[in-house]
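One structure is given below, encoded as structure tokens.
The values are calculated or read from the model by the stated rules, or taken from the named source; none is laboratory data. Because the structure is a prediction, the values reported are computed rather than measured. Here the Cβ positions follow ideal geometry from the backbone for every residue, glycine too, while neighbour counts run over all protein chains shown.
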Amino acid sequence: MWLECARTVAARDFAAQVRQALLNIVEILGQAKAKPEHIARMTWYVLDKSEYMAAAKEMVRLIERSSGDTIRP
């Protein structure tokens with residue numbers, strides 16, 4: 001099944017890429033009648049650790065918005 005969100009070109013900004021990936025995941029889960037809380041674990045592969053660390057606060061905000069949960073350290 002082709003997803004409408006899969007037609008979107010990835011942004012160059014790291015946080016924007018994370019946002020799009022999360023939107024894609026939520027869409028796929030929805031098609032399976034599942035929700036983000038059904039995910040047990042996700043593995044992320046990044047090419048630039050400094051870019052990842054610089055976007056960390058924004059990524060936490062995006063993950064919390066997509067899952068409905070608050071991430072605690």
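Before moving on, here are some points about what is shown:
Quick grid of which residues meet (1) in a helix (DSSP H, G or I); (2) under 10 Å from the mean Cα position of the chain (by Cα); (3) modelled with pLDDT of 85 or more:
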site	(1), (2), (3)
Arg12	no, no, no
Gln17	yes, yes, yes
Leu62	yes, yes, no
Arg72	no, no, no
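- Flag if Val18 is of a type in the set (Val, Ile, Thr) and farther than 17 Å from Ser67 by Cα: no
- Matching residues in segment 39-60 - criterion: being part of a loop (DSSP other than H, G, I, E, B) and touching a residue at least 40 places away in the same chain (Cβ under 8 Å): Ala55
- Test: residue in segment 27-38 that is over 20 Å from Arg12 (Cβ atoms), in contact (Cβ under 8 Å) with a residue 40 or more places away in the chain, β-branched (Val, Ile, Thr) and assigned to a helix (DSSP H, G or I): no
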